[in-house]
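The values are calculated or read from the model by the stated rules, or taken from the named source; none is laboratory data. Quick caveat: nothing in here was measured; it's all calculated off a predicted structure. Positions of Cβ are backbone-derived with ideal geometry, glycine not excepted, and every protein chain shown enters the neighbour counts.
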Amino acid sequence: MKFSRQHKQAGKDLQQIIGGLFVGVTTRKNRSKRSLRPWVWLALGGLFAVVVGLLYLLRDLPSPKKLQTSESYAVSSQIFDRNGVLLYEIIGNEHRIPIKLSDLPDHVVQAVVAIEDKNFYTHWGFDISGIARALKANITGGQVQGGSTITQQLVKNALLSREKTFTRKIKEGVLAMITELIYSKDEIMEMYLNYISYGGNSVGIEAAAQTYFDKSAKDLTLSEAALLAGLPQAPTKYSPFGSTPEKGKERQQAVLRRMAEDGYITKIEEAAAASDPIQFAISRSDIEAPHFVFYVRDLLYEEFGVDTVERGGLRVTTTLDLELQKTAEASLSAELATLERYDVSNGAALVIKPNTGEILAMVGSKDYFDSENDGQVNVTLAERQPGSSIKPLMYATAFQDKTLNPGSILIDAPTCFTSAGQKPYCPKNYDGSYSGPVPVRRSLANSLNITAVKALRTIGVERFMEMATALGITTWTDPSRYGLSLTLGGGEVRMIDMAQAFGTLANEGIKVPLSSILKIEDYKGTVFRELDRDKRVADLEFLSEYDEQTAGDLSRVMDRAPAYLVSHILQDNAARQQAFGLRSELVVPNQIVSVKTGTTNDLRDNWTIGYTPEYLVATWVGNNNNTRMNGRVVSGVTGAAPIFNDIMRFILAGK
């Protein structure tokens with residue numbers, strides 16, 4: 001900045017003085033040792049004792065060069081949505097956001113100098129009168145007095161312990177002098193503003209500005225800068241959020257008065273700033289999309305470790321679209337409000353882009369902060385039974401193995417299936433009716449149960465599990481646990497896995513891994529990794545056109561035809577009119593969308609999953625405590641379906 005003009009000459013003077021301490025006393029070669037007088041010996045002995053004492057006191061002295069290393073302080077990590085909107089800040093014991101001195105307005109630095117260290121730009125790192133007061137207080141048994149310079153406060157906070165002793169005061173003074181030799185005044189000021197505590201866990205001027213005013217320090221007004229400059233001396237006493245905010249106001253006025261006395265501002269500016277009303281960030285929200293944020297945080301913990309995430313200053317740009325997230329949250333809340341009297345207390349929604357794998361929205365529960373209904377549970381990651389929503393994966397497997405095709409005829413009639421050592425399994429359709437001979441297209445479109453079990457018999461449970469796992473299901477690991485009911489939703493799945501699997505169908509058999517992070521870098525701009533969305537799209541096109549199995553992190557796990565045929569059946573509104581009619585919530589006007597619903601027989605889970613090649617929406621309603629819902633309202637086209645329809649309409653509007 002422009003405050004260090006006087007520092008160069010002061011630094012030269014300091015170097016000369018320190019150099020003089022090491023100049024030896026020379027004597028003439030022909031002088032006899034006996035000519036040395038006793039006082040000379042005493043002086044040399046005293047000097048030796050002082051040197052030894054200093055060496056003892058300064059043993060294990062930390063290096064001031066640590067002031068500019070990332071190891072010397074914690075920097076909080078920040079998680080953003082895809083458009084740069086802050087979602088959450090991961091804070092350990094200290095909330096710190098480094099900022100450059102050149103980004104701050106002059107009055108921020110002027111306020112600090114005026115109240116903390118008037119002679120900052122002319123001294124050598126310590127104030128002789130301040131040290132004298134501290135020595136006197138320590139010798140007389142009193143409390144160590146103030147008087148520390150900005151440089152001393154920096155080394156004290158960054159390099160030394162919190163103890164208040166004579167030894168630490170000596171170390172503080174020596175480190176301050178060395179720091180002044182190594183760094184410029186502007187560098188010292190920048191480090192100070194990033195190290196000093198402003199109360200609570202807010203460390204550094206940028207974190208303080210965001211905590212108290214919900215703005216960056218570069219945008220601080222004169223009155224706001226004066227208030228913050230006065231906090232470090234006694235943050236609890238002067239905090240505007242504390243029990244004595246009037247003391248903070250008095251301290252702010254003292255800072256402004258000192259600024260005027262030192263010529264930084266005029267008396268008129270002082271009066272204006274003192275009367276300027278300040279808007280504090282009392283109602284500031286600390287988190288957006290909490291279920292998604294904590295999902296990402298856990299991924300970061302796994303990749304980088306807790307210490308790096310909480311202290312390393314990561315800057316994480318996620319795939320989340322906050323506007324879409326808020327729309328999904330609103331749709332979910334609105335529908336659930338109509339279902340409360342039917343014993344439905346919760347819901348979840350997930351939105352992805354199948355062709356890039358990006359997670360655009362994740363609503364894990366209706367209200368994260370609703371502890372009474374286990375709102376912290378992220379249902380998109382929880383294991384729930386899928387009901388009939390799992391059937392498309394089974395039929396796709398049958399098409400893949402060519403045991404069936406959309407025109408194959410299955411008999412929908414009362415049937416019991418027997419297996420060695422097990423009771424007969426006699427499934428029923430959702431409405432209790434039977435349709436006789438039906439093509440597979442109608443069987444899947446209308447979600448018939450008996451014919452679905454017959455279809456599973458053509459490929460076998462283990463083969464279905466194998467293909468479902470390849471598509472994205474991660475929870476089916478032990479074939480001995482499952483039987484023919486697996487195709488009716490008898491095996492728990494996670495919504496995020498269902499989105500992966502149905503996204504693979506949307507990509508016509510090509511699996512694009514789901515991603516929640518676009519870029520990870522640190523606060524200095526070093527990029528650790530970045531998702532190349534354009535390459536994923538190009539790889540998808542390549543695999544769609546050529547007979548290859550992998551490209552980048554994409555892989556073909558199913559032939560194109562089986563996936564296409566299932567998607568085509570799920571978008572055939574005429575084929576499903578027997579069960580759903582022609583104007584159900586599965587229809588998105590003027591759009592072609594493949595949709596499947598699912599409701600468990602015990603009425604504990606109700607799903608809807610729909611997709612286009614560009615977007616996929618999965619929704620669920622139920623209760624986190626797994627209690628039953630009222631069957632009079634929850635069916636395939638109520639509950640989750642209206643939420644799906646609302647979100648998908650919003651996404652596809654204008655497309």
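Tabulated data
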read-out: Any chance PRO437 is closer than 27 Å to LEU616 by Cβ and at pLDDT 95 or above; value: no
read-out: Residue ID - surrounded by the most Cβ atoms within 10 Å (Cβ to Cβ), chosen from residues in the stretch 532-542 that are in contact (Cβ under 8 Å) with a residue 60 or more places away in the chain and under 28 Å from ARG315 (Cα atoms); value: ARG536
read-out: Filter result for GLU116 (out of contact with any helix residue (DSSP H, G or I) (no Cβ under 7 Å at 6 or more places or on another chain), closer than 18 Å to GLU190 by Cβ, modelled with pLDDT of 70 or more and surrounded by 15 or more Cβ atoms within 10 Å (Cβ to Cβ)); value: no
read-out: Residue list for the stretch 543-583, filter: under 21 Å from THR403 (Cβ atoms) and crowded, with 18+ Cβ neighbours inside 10 Å; value: ARG556, VAL557, MET558, PRO562, ALA563, LEU565, VAL566, SER567, ILE569, LEU570, ALA575
read-out: Positions within the stretch 217-275 being exposed (fewer than 15 other Cβ atoms within 10 Å of the Cβ) and either closer than 17 Å to ASP106 by Cβ or acidic (Asp, Glu) (or both), in sequence order; value: ASP219, GLU246, GLU250, GLU261, ASP262, GLY263, THR266, ALA272
read-out: Subset of the stretch 327-350 [out of contact with any strand residue (DSSP E or B) (no Cβ under 9 Å at 6 or more places or on another chain) and at negative phi]; value: ALA330, ALA334, ALA337, THR338, GLU340, ARG341, TYR342
read-out: In the stretch 285-322, the residues that are part of a loop (DSSP other than H, G, I, E, B) and without any contact (Cβ under 8 Å) to a residue 40 or more places away in the chain; value: SER285, GLY305
read-out: The stretch 178-195, subset crowded, with 22+ Cβ neighbours inside 10 Å and not hydroxyl-bearing (Ser, Thr, Tyr), residue farthest from GLN78 (Cα to Cα); value: GLU180
read-out: Residue within the stretch 528-536 that is closer than 18 Å to SER447 by Cβ and not in a helix (DSSP H, G or I) present; value: no
read-out: Residues within the stretch 207-216 that are buried (at least 24 other Cβ atoms within 10 Å of the Cβ) and closer than 16 Å to ASP103 by Cβ, tallied; value: 3
read-out: Segments classed as helices (runs of 4 or more DSSP H), wholly inside the stretch 180-272, with at least 3 members that are closer than 23 Å to PHE126 by Cα, out of contact with any strand residue (DSSP E or B) (no Cβ under 8 Å at 6 or more places or on another chain) and assigned by TED's automatic domain parsing to the domain that holds ILE150; value: 185-195, 245-261
read-out: Number of the condition not met by LEU360 [criteria: (1) modelled with pLDDT under 95; (2) of a type outside the set (Gly, Ala, Ser); (3) touching an Asp or Glu at 6+ places or on another chain (Cβ under 6 Å)]; value: (1)
read-out: Test: residue in the stretch 547-558 that is in the same structural domain as VAL379 (by TED's automatic domain parsing), in contact with a Phe, Trp or Tyr (Cβ under 6 Å, 6 or more places away or on another chain) and not acidic (Asp, Glu); value: no
read-out: Residue in the stretch 342-361 that is assigned to a helix (DSSP H, G or I) and either within 16 Å of the chain's Cα centre (by Cα) or touching a residue at least 24 places away in the same chain (Cβ under 8 Å) (or both) present; value: yes
read-out: Restricting the stretch 71-88 to residues that are assigned to a strand (DSSP E or B) and at pLDDT 90 or above, the residue that is surrounded by the fewest Cβ atoms within 10 Å (Cβ to Cβ); value: LEU86
read-out: Counted residues, the stretch 494-516 - those being more than 15 Å from PRO392 (Cα to Cα) and among the polar types (S, T, N, Q); value: 2
